[in-house]
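Chemist: Attaching a single structure in structure tokens format; questions to follow.
The values are calculated or read from the model by the stated rules, or taken from the named source; none is laboratory data. Keep in mind that what you see is a predicted model, and the values were worked out from it rather than measured. Cβ placement follows ideal geometry from the backbone for every residue including glycine, while neighbour counts extend to all protein chains displayed.
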Amino acid sequence: MSRQREVPQFINIEDKIAFQLTAKQLGWVGLGCFFGFLAWNFLESTYFFIVSSIIVIFVLTILFIKPYGQTIPELLMNIFIFTFKPRVYIWKKGYQDNPVEEKKPIRKNKKENNKKSFKKENIKKAIENLDIYE
């Protein structure tokens, strides 16, 4: 008799470490704090507030916005790879040798054709009676 084992669920979700943030998110917060500290030491107060607000907006964007289910760094990396990766197209002989068959018009019964022409005639008469097109 074998023991049942639990299969791990949600293996693609990262573990929360502190303040409901993952290790990557804490790293981005630490990097933002480092740049904020540098701005505080080397800039005047008005420039510091401008630069620190830009840093805060940048870090919050990276932390909490996930377009297309990807983080911003992943999205930027995918854009970079797609832009600069060489595209190689390989021609395979078998695909071009088979010409596409032309579609033949479907023949319909005479009754169906008569119904359509009857409908067209009624529509033309109705338009003439309404004096829409003169």
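Chemist: In the range 58-95, how many residues are surrounded by fewer than 10 Cβ atoms within 10 Å (Cβ to Cβ) and not charged (D, E, K, R)?
Modeler: Residues that pass the stated criteria total 14.
Chemist: Condition first: surrounded by 10 or more Cβ atoms within 10 Å (Cβ to Cβ) and either touching a residue at least 24 places away in the same chain (Cβ under 8 Å) or in a loop (DSSP other than H, G, I, E, B) (or both). Now tell me which residues in the range 25-57 satisfy that.
Modeler: Of everything in the range 25-57, those that are surrounded by 10 or more Cβ atoms within 10 Å (Cβ to Cβ) and either touching a residue at least 24 places away in the same chain (Cβ under 8 Å) or in a loop (DSSP other than H, G, I, E, B) (or both) turn out to be Gln25, Trp28, Val29, Leu31, Gly32, Leu43, Val56.
Chemist: Looking at Ile13, is it modelled with pLDDT under 95, within 19 Å of Leu75 (Cβ to Cβ) and assigned to a loop (DSSP other than H, G, I, E, B)?
Modeler: Yes: the conditions hold for Ile13.
Chemist: Tally the residues that are within 26 Å of the chain's Cα centre (by Cα) and within 14 Å of Phe58 (Cβ to Cβ), restricting the search to the range 2-37.
Modeler: 2
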